[in-house]
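Undergrad: What follows is a single structure, and I will ask about it in a moment.
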Amino acid sequence: MISTAIRVARVGSAAELAAAVLMTLGYAGLMLAALVPSIPAFAAAAAVTYLADHYLHRKGSYLVNRLSKVRAGLSIRFLIRQLLLILLLARLDLGDNLIYYGAIACFVAFYGLQVCHGAVTTLIGNRRRLPVATRNVDLVSRLRIPDAPPHALIHRASEKMLHLDLAAVAGVLAGASLDSAAVGYTGIGVTVGAAALYVLALAPHLRGRKVPPNAKKVLGALDGWLRDYRPETVLYFSGSKDSAYQVNMWLDTMARLDTRPLVILRENVILEKLAPTTVPVVCVPGGVHLMNMDLSTVRVALYPANVGKNIHLLRVPTMKHVFIGHGDSDKLASVNPFSKVYDEVWTAGRAGRDRYAIADVGIRDEDIVEVGRPQLAPIRPRQDAPAGRMPTILYAPTWEGWDDNPGNTSLLLAGENIVKQLVEADPAVRVLYKPHPFTGTRSPKAKAAHQRITALVEKAAAARAADPRFTADAAVQSRAKAELARIEARLDRLTGLVDKGDEAEATRDGLVDIARHEETARLRAEWNAAYWSSFPEWEHRVITGAEPRLYDCFNVSDAMVSDISSVVSDFIASGKPYAVTDSAGLGADEFRRQNTAVRAAVILSNDAAQLGGLLDAVREPAADPLAGARDELKRYLLGPDEPTSIERFNAAVAQLALKAEARNLGQESRITVGGPEVEPVDVVPAPRASVENGTEGVEAR
């Protein structure tokens with residue numbers, strides 16, 4: 001019953017639901033106390049509404065946001081409480097008392113000050129909103145961007161302003177109870193005075209040197225920086241806040257390019273979720289601003305996602321456009337016909353090329369380049385487990401997708417069967433459950449299945465912890481937990497040093513501190529090692545959130561169960577056994593025929609009866625019947641181990657940059673000579689460096 005109520009109310013916990021119920025009852029109590037009338041009852045009900053409202057706001061409850069949609073927003077709730085206080089005074093026969101008129105005048109004046117406060121905060125926010133936000137871009141030498149207003153004045157400003165009426169409400173109630181107008185007017189004076197001071201404290205940030213430069217100056221400064229930096233390769237991304245991982249996976253690759261890289265984002269929410277990087281980043285929400293940026297030196301643009309806003313950069317003919325995707329799998333998204341708009345499509349290996357040929361969606365074979373997957377470098381190859389160590393099985397299902405196709409995810413039909421068999425396996429194994437971050441965002445059924453699986457894993461973990469057969473070295477875990485706390489404290493200090501008041505400050509001070517960046521990377525690696533040591537190696541675990549990362553889970557696992565997604569293609573890089581669920585019930589042969597990545601997998605039906613084959617391969621590696629098939633499939637999906645993927649990627653960038661340069665010089669030749677019939681003869685510049693395997697490239701700078 002409670003879980004149903006939580007889901008219907010769209011709150012995050014039972015505590016939030018209780019606060020919402022108390023707030024509702026509190027307002028009913030205010031009405032009743034005003035009509036009775038009863039000052040103590042009114043004061044108690046008012047306290048409940050204040051505290052419940054504050055709690056829900058502090059938790060960022062979805063319910064609070066939705067109340068404004070039904071004309072019960074924050075300011076309305078405060079106004080209702082104030083009106084009920086006036087009603088209480090009238091019912092107490094204080095209509096001719098000075099405190100009655102004072103309360104009315106106070107709330108009218110307070111409302112006027114709220115209007116002024118709202119206007120000032122809105123203007124400050126608008127004037128400090130730059131047309132672009134940047135990281136690792138030096139605009140300080142070109143622009144004067146002042147500090148943001150103090151955090152205490154701006155953070156949750158409306159809520160703070162409204163709560164200033166607490167002094168007036170308390171003063172009026174006390175004055176009515178004591179029959180003392182002086183007490184009431186004291187509270188009124190505190191409220192009106194504090195509100196006026198709040199407005200006055202914000203006002204200086206509307207003028208003079210406290211206001212950032214206008215959009216024209218900011219964009220001019222950015223173009224000046226672009227002319228000096230001369231970016232050559234751009235990673236372009238647009239998406240929702242939950243899709244930030246799609247650009248984050250490419251940041252390390254961009255940092256390792258031989259050409260000058262630049263990341264262009266279109267949404268500020270993606271910039272907020274961007275992983276730490278040394279690569280210059282520019283976030284340009286406005287399409288007009290993007291199309292007027294000076295990107296004349298860019299020769300290659302890389303696109304991890306097919307989205308509508310890509311058109312704003314695709315229109316630029318002086319650069320070559322490449323779809324690189326954010327994974328390599330047999331999903332339909334991997335052969336999207338939209339990919340025809342790009343000059344080239346880069347795939348990990350031969351499988352990607354064949355996938356487009358089979359799909360026949362208009363992608364020409366000569367426009368496909370196999371570059372490997374540079375992101376897979378952190379995945380360690382398979383190693384035999386030490387004798388006596390319990391095997392670890394990772395269950396990493398994908399999300400439910402945008403439709404109800406039963407083949408999207410194993411969560412709905414097979415997830416519970418998989419987990420039940422794994423936690424009950426004999427000999428025992430450890431289970432790591434790491435769901436896709438989108439799980440449950442569209443389908444309530446998928447969300448419910450995820451919650452049931454989580455409960456299964458946690459229940460099994462608790463039972464194993466109480467079983468005397470499973471022992472742990474408490475001293476090792478204690479030291480690891482202490483190390484985790486130390487690392488997290490240091491990481492908090494490091495990240496806290498770069499936290500800024502607003503977007504303008506973050507842009508001004510967004511130059512990466514290389515030493516801090518390197519220390520953060522080192523600490524994150526240490527955190528990962530400490531995390532896995534902080535609990536017994538036999539403990540089942542549900543892993544959500546950004547840390548530990550999926551590849552870290554790969555490295556501590558001996559096998560994986562998943563669905564058709566890029567997770568499977570990535571895991572194949574490890575050479576470890578894996579199983580894939582045929583949730584749509586195609587049958588093993590047809591499932592393998594339709595999905596390249598499962599050719600070396602144990603195929604599971606929805607009852608997961610075939611899991612024993614996967615566990616046997618883990619326990620007896622020498623008798624693993626699919627080991628050779630996995631090696632062959634790895635080369636087919638991801639390409640050869642030599643040259644390395646990053647070398648092939650850089651070679652592809654260099655080659656395409658030459659093509660862009662040839663096209664641009666050809667256009668210049670035609671314009672100079674004065675006719676479209678002129679051919680761009682000998683306009684391709686000589687290569688400045690050579691790349692392995694005979695591929696010409698651009699000199700690393």
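Undergrad: Determine whether region 241-250 contains at least one residue that is in contact (Cβ under 8 Å) with a residue 60 or more places away in the chain, touching a helix residue (DSSP H, G or I) at 6+ places or on another chain (Cβ under 7 Å), closer than 22 Å to Val322 by Cα and not in a helix (DSSP H, G or I).
TA: Scanning region 241-250 turns up no residue that is in contact (Cβ under 8 Å) with a residue 60 or more places away in the chain, touching a helix residue (DSSP H, G or I) at 6+ places or on another chain (Cβ under 7 Å), closer than 22 Å to Val322 by Cα and not in a helix (DSSP H, G or I).
Undergrad: Out of Lys320, Lys309, Lys331, report the one residue that is basic (Lys, Arg) and either in the same structural domain as Val580 (by TED's automatic domain parsing) or at pLDDT below 90 (or both).
TA: Exactly one of Lys320, Lys309, Lys331 is basic (Lys, Arg) and either in the same structural domain as Val580 (by TED's automatic domain parsing) or at pLDDT below 90 (or both), namely Lys331.
Undergrad: Yes or no: region 588-595 includes at least one residue that is in contact (Cβ under 8 Å) with a residue 60 or more places away in the chain, of a type in the set (A, V, I, L, M, F, W, C) and more than 24 Å from Trp527 (Cβ to Cβ).
TA: no
Undergrad: Do the conditions hold for Ala215, that is, is it closer than 29 Å to Ala275 by Cα, among the small types (Gly, Ala, Ser) and surrounded by fewer than 21 Cβ atoms within 10 Å (Cβ to Cβ)?
TA: When the stated conditions are applied, Ala215 passes them.
Undergrad: Restricting attention to region 620-639, which residues are free of Cβ contacts under 8 Å to residues at least 12 places away in the same chain and in a loop (DSSP other than H, G, I, E, B)?
TA: Glu620, Pro625
Undergrad: Here's another thing I want to ask about it. List every residue pair whose Cβ atoms lie under 8 Å apart, where the two residues are 6 or more positions apart in sequence or sit on different chains, the first residue falls within region 354-368 and is without any contact (Cβ under 8 Å) to a residue 24 or more places away in the chain, and the second residue, located anywhere, is not in a helix (DSSP H, G or I).
TA: Tyr356/Val345; Tyr356/Thr347; Tyr356/Ile363; Tyr356/Ile368
Undergrad: With the structure loaded, tell me whether Leu432 is assigned to a strand (DSSP E or B) and among the hydrophobic types (A, V, I, L, M, F, W, C) or whether it fails that test.
TA: Values: assigned to a strand (DSSP E or B): yes; among the hydrophobic types (A, V, I, L, M, F, W, C): yes.
When the stated conditions are applied, Leu432 passes them.
Undergrad: Within region 33-72, can you find the residues that are farther than 18 Å from Leu162 by Cα, hydrophobic (A, V, I, L, M, F, W, C) and touching a residue at least 12 places away in the same chain (Cβ under 8 Å)?
TA: Ala33, Ala34, Leu35, Val36, Ile39, Ala41, Phe42, Ala44, Leu63, listed by residue number.
Undergrad: Related question: Could you please give the count of residues in region 190-243 that are under 30 Å from Ala255 (Cα atoms) and β-branched (Val, Ile, Thr)?
TA: Matching residues across region 190-243 total 3.
Undergrad: Does Ala579 satisfy the criteria of being small (Gly, Ala, Ser) and either in contact with a helix residue (DSSP H, G or I) (Cβ under 7 Å, 6 or more places away or on another chain) or modelled with pLDDT of 95 or more (or both)?
TA: Yes.
Undergrad: Could you grab me the full set of residues in region 398-415 that are under 18 Å from Leu615 (Cβ atoms) and in contact with a helix residue (DSSP H, G or I) (Cβ under 9 Å, 6 or more places away or on another chain)? Walk me through how you get there before you give the answer.
TA: Here is the first cut: in region 398-415, the ones under 18 Å from Leu615 (Cβ atoms) are 410, 414-415.
Residues satisfying the conditions are Ser410, Gly415.
Undergrad: If you don't mind, another one. Any residue at all in region 215-222 that is charged (D, E, K, R), modelled with pLDDT under 95 and not assigned by TED's automatic domain parsing to the domain that holds Tyr342? Don't jump to the end; show me each part of the working.
TA: Within region 215-222, the subset charged (D, E, K, R) is 216-217.
So of that shortlist, the ones also modelled with pLDDT under 95 come out as 216-217.
Cutting the leftovers down to not assigned by TED's automatic domain parsing to the domain that holds Tyr342 gives us 216-217.
Looking through region 215-222, at least one residue is charged (D, E, K, R), modelled with pLDDT under 95 and not assigned by TED's automatic domain parsing to the domain that holds Tyr342.
Undergrad: Within the group Leu85, Leu63, which residue is surrounded by 20 or more Cβ atoms within 10 Å (Cβ to Cβ) and in a helix (DSSP H, G or I)?
TA: Leu85
Undergrad: Output the residue which, of all residues in region 492-508 that are loosely packed, with under 13 Cβ neighbours inside 10 Å and of a type outside the set (Lys, Arg), is modelled with the highest pLDDT.
TA: Asp492
Undergrad: Out of curiosity, is Ala446 surrounded by 15 or more Cβ atoms within 10 Å (Cβ to Cβ) and touching a residue at least 60 places away in the same chain (Cβ under 8 Å)? If you could, list the steps in order and put the result at the bottom.
TA: Working: surrounded by 15 or more Cβ atoms within 10 Å (Cβ to Cβ): yes; touching a residue at least 60 places away in the same chain (Cβ under 8 Å): no.
No, not satisfied.
Undergrad: Continuing with this model, one more query. Considering every residue within region 462-485, establish whether at least one is under 30 Å from Thr409 (Cα atoms), among the small types (Gly, Ala, Ser) and assigned to a helix (DSSP H, G or I).
TA: Checking region 462-485: at least one residue is under 30 Å from Thr409 (Cα atoms), among the small types (Gly, Ala, Ser) and assigned to a helix (DSSP H, G or I).
Undergrad: Then there's this: Could you list all residues from region 377-394 that are at pLDDT 70 or above, under 24 Å from Val419 (Cα atoms) and of a type in the set (A, V, I, L, M, F, W, C)?
TA: Across region 377-394, the qualifying residues are Met390, Ile393, Leu394.
Undergrad: Kindly establish whether Val341 is farther than 28 Å from Asp138 by Cβ and of a type in the set (Val, Ile, Thr).
TA: yes
Undergrad: Tell me yes or no: at least one residue of region 210-228 is farther than 25 Å from Val300 by Cα, in a helix (DSSP H, G or I) and in contact with a Ser or Thr (Cβ under 6 Å, 6 or more places away or on another chain).
TA: Checked region 210-228: no residue is farther than 25 Å from Val300 by Cα, in a helix (DSSP H, G or I) and in contact with a Ser or Thr (Cβ under 6 Å, 6 or more places away or on another chain).
Undergrad: Oh, and also: Before we move on, is Ala546 hydrophobic (A, V, I, L, M, F, W, C), in a loop (DSSP other than H, G, I, E, B), closer than 27 Å to Tyr395 by Cβ and not assigned by TED's automatic domain parsing to the domain that holds Ile145?
TA: Here the answer is yes, as Ala546 does meet what is asked.
Undergrad: Let me ask another. State all residues of region 596-619 that are free of Cβ contacts under 8 Å to residues at least 60 places away in the same chain, in a helix (DSSP H, G or I) and farther than 23 Å from Leu413 by Cβ; if no residue qualifies, say none.
TA: Asp616, Ala617
Undergrad: Answer yes or no: is there a residue in region 452-467 that is at pLDDT below 90, under 21 Å from Ala546 (Cα atoms) and in contact with a Ser or Thr (Cβ under 9 Å, 6 or more places away or on another chain).
TA: Checking region 452-467: not a single residue is at pLDDT below 90, under 21 Å from Ala546 (Cα atoms) and in contact with a Ser or Thr (Cβ under 9 Å, 6 or more places away or on another chain).
Undergrad: On to the next question. Restricting to region 270-284, and then to whatever is touching a residue at least 60 places away in the same chain (Cβ under 8 Å) and of a type outside the set (A, V, I, L, M, F, W, C), can you tell me which residue is surrounded by the most Cβ atoms within 10 Å (Cβ to Cβ)?
TA: Pro280
Undergrad: Sticking with this one: Take Ile379 and decide whether it is closer than 20 Å to Ile572 by Cα, buried (at least 23 other Cβ atoms within 10 Å of the Cβ) and not polar (S, T, N, Q).
TA: no
Undergrad: Restricting the search to region 231-255, which residues are under 9 Å from the mean Cα position of the chain (by Cα) and farther than 18 Å from Asp328 by Cβ?
TA: Selection gives Ser240, Lys241, Asp242, Ala244.
Undergrad: Would region 456-463 turn up any residue that is surrounded by fewer than 13 Cβ atoms within 10 Å (Cβ to Cβ) and not aliphatic (A, V, I, L, M)?
TA: yes
Undergrad: All but one of (1) surrounded by fewer than 21 Cβ atoms within 10 Å (Cβ to Cβ); (2) under 21 Å from Lys634 (Cα atoms); (3) among the β-branched types (Val, Ile, Thr) hold for Val345; state the number of the condition that does not hold.
TA: For Val345, the exception is condition (1).
The values are calculated or read from the model by the stated rules, or taken from the named source; none is laboratory data. Computed from a predicted structure; not experimentally measured. Here Cβ is always computed from backbone atoms with ideal geometry, including for glycine, and neighbour counts include all displayed protein chains.
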